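Report on the structure given below.
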Amino acid sequence: MFNKTIKGMAIAGCVALSSGNIFANAAEVPITGTVESRCIIQTDNAGTFGNPNAYTLTTTPAEGGDPAVVRFDVTLADAYYAEITPPTSFSSSPSLPDTVTWTGGVQVKTVSDATGMGTYETDKVEFGNTDRYELTATGSTWFQIDATATMGGNKSFPGGSYTAVAEAVCVAK
Amino acid sequence: MLWPGYSYSESITPYTGTTGNAAQSGLNWSMGDILPTPPGLDINGVIYNYTIRKNTNDQVDVYVQNERANGTGYIFREHDEWRPGSLDGTEINKVIPVVPQNRLNWGDGSIQVEGEGRVEDPTVIYSYTVDPCYDPQFSPNCPGYQRPEPPETPVVDYSYATDLTFVRTEEDEVDVDDVYQEEQDSEDAEQEESDEKEEMRLEAALAAADNSALFANALAQSQILAAMNNAVGMNSYYAADLPGGSYNESIVLVDKQLPENKRGLRNGFAQQLLHEEMVQSQYNLK
């Protein structure tokens, strides 16, 4: 909306200058503006994989893992969606002997407004592997991201460091 | 007079802080047990967190609140409305700024749950600011500080002394005759003193003539005193007691024969001759 308004003002200025083009040189007048986002995403806790057996890496606390937690701070109500996608691959890892099967999920962990955010979880919409939450209230919402990677063919994960990335996006309506 | 004064300076800069978990021991708490002691403490925020336990289709209302100290309602009350559809196990985390109000206005706190549900692992923390100069007498650097008045001199009651029985008895024995006699004695003493002064002037005039007599008297007096002192000193010897009954000879002469003293013999003989000569000489005078 704000971008559209600025564009309209720029076009009107050009028309006015064109009408007086006979007696003067043309000039371009820049108009700038900054829009600060009303939706800020913070990583509250980077997850950790546990390794309960040779062919499984998981963030489940009971199996030695730690889920990732991401926080959405919204200062404008009913203007954004939170779209969160658990990881579906390793961004870095040793050479793997087989394909990896991914499972995971996202859920609302904590809210700052029970009345306005208490039903975020039941109202969420899933698009494939992505969960979409409609952020109808101002405040902070903490989302917990779980992920489990299982090596195919009953093979073991090679020793080394593994990193997977979940994606959290604030999408304006 | 010197009065003790402060030789140190306290910081008068306002500072902030937070309490511990007020709900650590239950859903009701007393602010007196939570807040620190300074009187100039204003609470300016409440931070709380808990996990709701409920069935998805139930409605649960949770109130985190503090009564007013004077009992007229609530000074702070936050309502969490967990509507049907909100999931069991969801946490809530709130930071609520409040208009700063002095600790004296804050009454007991509590978490009240209405509906089929409960709260789990509650945490309630109060944030506050402290103005050390709330009491201007906290430090001489505080605005409005007044130098304290010196302490009053304590009044000691000495009346107990006159309450003693023997003192009262002495007072009772004083009568008018005694008072008159004391006055008469005082006048007599003054008269005597005047006479003595006159005599002293006369004595001074005769002093030159009587110096020798005075000296003799003084010498005689000193001799008497010396004799008295000697007598006093001898008494200790009279009273002395010699221990033991006999004293045996302790010196033994080892020589068997003592030689005649020839010089003594000659001298003795010469004396004898002289004696006889003198005796004979008296007859010769006749």
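Entry remark, the range B:74-90: residues being buried (at least 18 other Cβ atoms within 10 Å of the Cβ), within 7 Å of chain A (Cβ to nearest Cβ) and not small (G, A, S) number 3 in total. Please determine whether any residue of the range A:103-112 is in contact with an Asp or Glu (Cβ under 8 Å, 6 or more places away or on another chain) and closer than 17 Å to A:T163 by Cβ. There is at least one residue in the range A:103-112 that is in contact with an Asp or Glu (Cβ under 8 Å, 6 or more places away or on another chain) and closer than 17 Å to A:T163 by Cβ.
Hey, can you tell me all the residues within the range A:76-112 that are within 14 Å of chain B (Cβ to nearest Cβ) and either among the polar types (S, T, N, Q) or under 15 Å from the mean Cα position of the chain (by Cα) (or both)? I'd like the intermediate steps shown before the answer.
At the first step, the residues of the range A:76-112 found to be within 14 Å of chain B (Cβ to nearest Cβ) are A:105-112.
Within the range A:76-112, A:G105, A:V106, A:Q107, A:V108, A:T110, A:S112 meet the criteria.
Here is the figure for the range B:47-73: residues that are touching a Leu at 6+ places or on another chain (Cβ under 7 Å) and more than 9 Å from chain A (Cβ to nearest Cβ) total 1. Among the aliphatic types (A, V, I, L, M), more than 9 Å from every other protein chain (Cβ to nearest Cβ) and not in a loop (DSSP other than H, G, I, E, B): does that describe B:I43? Taking the combined requirement at face value, the residue satisfies it. Scanning the range B:104-163 for residues that are of a type in the set (A, V, I, L, M), outside any helix (DSSP H, G or I) and either under 27 Å from B:T18 (Cβ atoms) or in contact with a Cys (Cβ under 8 Å, 6 or more places away or on another chain) (or both) yields B:I111, B:V113, B:V119, B:V124, B:I125, B:V130. Exactly one residue out of A:T110, A:T136, A:T119, A:T141 is polar (S, T, N, Q) and touching a Gly at 6+ places or on another chain (Cβ under 6 Å): that is A:T119.
Would you check which residues across the range B:55-65 are assigned to a strand (DSSP E or B) and among the hydroxyl-bearing types (S, T, Y) and list them? Before the answer, list the steps.
At the first step, the residues of the range B:55-65 found to be assigned to a strand (DSSP E or B) are B:60-65.
The answer is B:Y63, and nothing else.
Could you list, in sequence order, all residues of the range B:66-81 that are among the hydroxyl-bearing types (S, T, Y) and assigned to a strand (DSSP E or B)?
Within the range B:66-81, the subset among the hydroxyl-bearing types (S, T, Y) is B:72, B:74.
Matches in the range B:66-81: B:Y74 only.
Take A:E121 and tell me if it is at negative phi and within 15 Å of the chain's Cα centre (by Cα). Taking the combined requirement at face value, the residue does not satisfy it. The one condition from (1) touching a residue at least 12 places away in the same chain (Cβ under 8 Å); (2) out of contact with any strand residue (DSSP E or B) (no Cβ under 9 Å at 6 or more places or on another chain) that B:T72 does not meet is (1). Of the numbered criteria (1) of a type outside the set (G, A, S); (2) buried (at least 19 other Cβ atoms within 10 Å of the Cβ); (3) assigned to a loop (DSSP other than H, G, I, E, B), the one A:P94 fails is (2). Selection within the range B:91-103: residues that are within 11 Å of chain A (Cβ to nearest Cβ) and out of contact with any Asp or Glu (no Cβ under 8 Å at 6 or more places or on another chain). The member of this set that is farthest from B:N21 (Cα to Cα) is B:E91. Has the range B:126-139 got at least one residue that is out of contact with any Pro (no Cβ under 8 Å at 6 or more places or on another chain) and closer than 30 Å to A:Q144 by Cα? Looking for residues that are out of contact with any Pro (no Cβ under 8 Å at 6 or more places or on another chain) and closer than 30 Å to A:Q144 by Cα, one finds at least one in the range B:126-139, hence yes.
Bear in mind these aren't lab numbers, they're just calculated from the coordinates by the rules spelled out. This is a predicted model, so every value here is computed, not measured. Virtual Cβ from ideal backbone geometry, glycine too; neighbours counted across all protein chains shown.
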